[in-house]
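Working notes, structure below.
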Amino acid sequence: MTVKELIAKFEYAANNPNALLDGYLKEGKKVIGCFPVYTPKEIVHASGMIPMGTWGGNTSIERAKEYFPAFCCSIIQAIMEYGLKGSFKGLSGAIIPCHCDTLITLTQNWKSGVKEIPMIGFAFPQNRKIQAGKDYLVSEYATVKTKLEELCGHEITDESIQASIAVYNEHRKVMNEFVKLVPDYLNTITPRVRNYVLKSAHFMKVEEHTALVKELIAGLKAMPKEDFKGKKIITSGIILDDKGLLEVFEANNMAIVADDVAQETRQFRTLIPEGGSALERMAQWWADVEGCSLAYDPAKLRGRMVAEDAKKLGADGVVYALMKFCDPEEYDYPIFKKDMEEAEIPHLFIEIEQGTTSIEQIRTRIQTFAEILA
Ligand code: SF4
């Protein structure tokens, strides 16, 4: 396939998760919904079921208002709305990782409002680097595994999870290679295209996505490196997949050279390490994660990591996209801001919300930021 054809495939997958879900169901597969931010997809994959991410979407919130106050983040409100409206029909189960108060609340609201899709909730430990934290996460993963076994009807062995870890680590490596290549092809890999490649990973079968990204990497490498004349930025936040917003970057001649976004690079930048049982390895992975607002970090490395990337990649600026009402991201921002100022990297703070983001206001702010960078 040509690079253009490959991009069209990623775009389709990113924009049509329901069509992909229907396809999996027609193949006779069971599908498990994986809610943000980090679900143990390896265990689902090892069961033979298909893990499929859901990150909310642009829908008007009506019925979810009965379950959540207005000051809960829009991702979770959108997920609940889709659940209540039956958009997730066909899922055999849904895994909800309790990273924050809103996700904890979602577990109970889901049980009450979306009874037809069984919910598997589990918690990540805050003290993730000490042995007790790792032991706790192993026990949480074991509970998830038991509940998935009830849904798939057979045992999920350590051996099969180890094999799935290998499949996902391969995907992580390929995705890391892709994002590192992007800065050389910023005319082709625009902010929207970059997002299609990254977002589609949540919906496609992992093996298929890995193969397509490998093909895209080969296609890009066969092209001469591109000379990008605009401004290079790094994005940071939970999610930044609003088409209108990405178009605003493009209209202002900005390209994304790297991201620190939970839905994007944070998903794959840390590999699951070797050593121990499958669940122990996965618990060690959580201990190894750095620079994520959801992973407790007294050293608060996030800002410094982004500053380092910005220097390395010659980025002109950084955009901190705060998901409105997201406490973990709100707590990170003052420290992040200080890190940007100390590193003398211009940054823009914007607040985003699924469904109701006022693009006009943000357009003006991005336009002004682009002028400052010029
Ligand atoms: S965006 Fe923030 S508040 Fe919302 S679910 Fe994610 S971590 Fe929780």
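Based on the mean of other beta carbon atoms within 10 Å per residue, what is the order of 160-171, 72-83, most packed first? Intermediate values should be presented prior to the final figure.
Values: 160-171: 18.2, 72-83: 25.0.
Ranked from most to least packed, the peptides come out as 72-83, 160-171.
May I ask you to list the chymotrypsin sites (Phe, Trp or Tyr not before Pro) in the stretch 250-312 that are in a DSSP loop and have at most 15 other Cβ atoms within 10 Å of their Cβ? Mind showing how you got there, number by number?
Numbers: sites: Phe268, Trp285, Trp286, Tyr296; in loops: Phe268, Tyr296.
Listed in order of number, the matching sites are Tyr296.
Given the -39500 (n - 2.57) contribution per DSSP H run of 4+ residues, what per-residue ellipticity at 222 nm results for the chain, rounded to the nearest 500 deg cm²/dmol?
Helices in the chain give a 222 nm mean residue ellipticity of -16000 deg cm²/dmol.
Calculate, axis by axis, the spread of Cα positions in the stretch 1-50 along the three principal axes, and write the results as whole Å, longest axis first.
34, 27, 18
Taking the Cβ of Gly53 as the centre, find all other residues whose Cβ is under 9 Å away and add up their charges (Lys, Arg: +1; Asp, Glu: -1). Could you put the intermediate results ahead of the total?
Values: positive: Lys41, Lys199; negative: none.
Once all neighbours under 9 Å are counted, the net charge is +2.
Based on alpha-carbon atoms only, what is the radius of gyration of the chain relative to the globular estimate 2.2 N^0.38 Å? Spell out each step's value before the answer.
Numbers: Rg = 19.9 Å, N = 374, 2.2 N^0.38 = 20.9 Å.
Here the answer is 0.95, to two decimals.
Considering only protein heavy atoms, what per residue accessible area in square angstrom results for the stretch 1-125 with a 1.4 angstrom probe? Provide the component values of the computation, followed by the final result.
On the way: 5030 Å² over 125 residues.
Averaged over the residues of the stretch 1-125, the accessible area is 40 Å².
Two decimals is fine: what is log10 I(q)/I(0) at q = 0.10, 0.12, 0.15, 0.20 Å⁻¹ for the stretch 138-238, from a Debye sum with one equal scatterer on every Cα and no solvent?
Each listed q corresponds, in turn, to -0.41, -0.56, -0.75, -1.06.
Given springs between every Cα pair under 10 Å in a Gaussian network model of the chain, which of Ile156, Ile352, Ile43 has the largest fluctuation?
It is Ile156.
Could you look at the stretch 193-260 and say what percent of its accessible area is carbon and sulfur, using a 1.4 Å probe and all protein chains? Write down the numbers at each step before the final one.
Working: 1220 of 2320 Å².
Ligands and nucleic acids excluded, carbon and sulfur give 53 percent.
Please give the net charge around Glu247, taking every other residue with its beta carbon less than 14 angstrom from that of Glu247, where Lys and Arg add +1 and Asp and Glu add -1. Kindly include the intermediate steps, with their values, before the conclusion.
On the way: positive: Arg192, Arg194, Lys243, Arg363; negative: Glu11, Asp241, Asp242, Glu250, Glu360.
That works out to -1.
Run the quick spin-label model on Asn18 and Lys65: label points 7 Å from Cα toward the beta carbon, then report their separation in nm to one decimal.
About 2.2 nm separates the two model spin labels.
Among the lysines, select those whose C-alpha is under 16 Å from the C-alpha of Lys300, and discard any that sit fewer than 8 residues away in the same chain.
Here the lysines satisfying the reach criterion relative to Lys300 are Lys129, Lys337, Lys338.
Tell me, what is the per residue accessible area of the stretch 323-374 in Å², probe radius 1.4 Å?
Values: 2970 Å² over 52 residues.
I get 57 Å² per residue for the stretch 323-374.
Want the number for Ala163 to Lys243: 0.36 nm per residue separation, take away the alpha-carbon distance, what's left? It would help to have the intermediate numbers written out before the result.
On the way: separation 80, 0.36 × 80 = 28.80 nm, distance 3.57 nm.
So the extension gain works out to 25.2 nm.
Too long at a 18 Å Cα-Cα cut-off: which of Lys29/Lys89; Lys111/Lys134; Lys85/Lys111? Before the final figure, lay out each step's value.
Values: Lys29/Lys89 14 Å; Lys111/Lys134 28 Å; Lys85/Lys111 15 Å.
From the list (Lys29/Lys89; Lys111/Lys134; Lys85/Lys111), the Cα-Cα distance tops 18 Å for Lys111/Lys134.
With a 1.4 Å probe and every protein chain kept in, tell me what percent of the accessible surface of the stretch 1-82 is carbon plus sulfur.
Details: 1790 of 3400 Å².
Using a 1.4 Å probe with all protein chains present, the stretch 1-82 comes out at 53 percent carbon and sulfur.
Multiply the residue gap between Lys111 and Asn58 by 0.36 nm, knock off their C-alpha separation, and tell me the result in nm, one decimal place. Don't skip to the end; give the middle numbers.
Values: separation 53, 0.36 × 53 = 19.08 nm, distance 2.32 nm.
16.8 nm is the gain from fully extending Lys111 to Asn58.
Quick check for me: using +1 on Lys/Arg Cβ and -1 on Asp/Glu Cβ, what's the dipole size of the stretch 76-230 about its Cα centre, in debye to the nearest 20? Write out the running numbers ahead of the final one.
Numbers: 20 positive and 18 negative charges, 111 e Å.
Using only the charged Cβ atoms, the result is roughly 540 debye.
How much accessible area per residue does the stretch 202-288 have, counting only protein heavy atoms and a probe of 1.4 Å, in square angstrom?
On the way: 3050 Å² over 87 residues.
That works out to 35 Å² for each residue.
State which entries of Lys115/Lys205; Lys147/Lys199; Lys180/Lys214; Lys26/Lys145; Lys205/Lys243 exceed 20 angstrom in Cα-Cα distance in the structure shown.
In this structure, Lys115/Lys205; Lys147/Lys199; Lys26/Lys145; Lys205/Lys243 lie more than 20 Å apart at Cα.
The values are calculated or read from the model by the stated rules, or taken from the named source; none is laboratory data. What you are looking at is a predicted structure, and each value in this text was computed from that prediction instead of being measured. Reconstructed Cβ throughout: ideal geometry from the backbone, glycine too, with neighbour counts over all protein chains shown. In case anyone asks, the SASA skips ligands and DNA or RNA and just uses the protein heavy atoms, side chains included. Shrake-Rupley method; radii C 1.70, N 1.55, O 1.52, S 1.80 Å.
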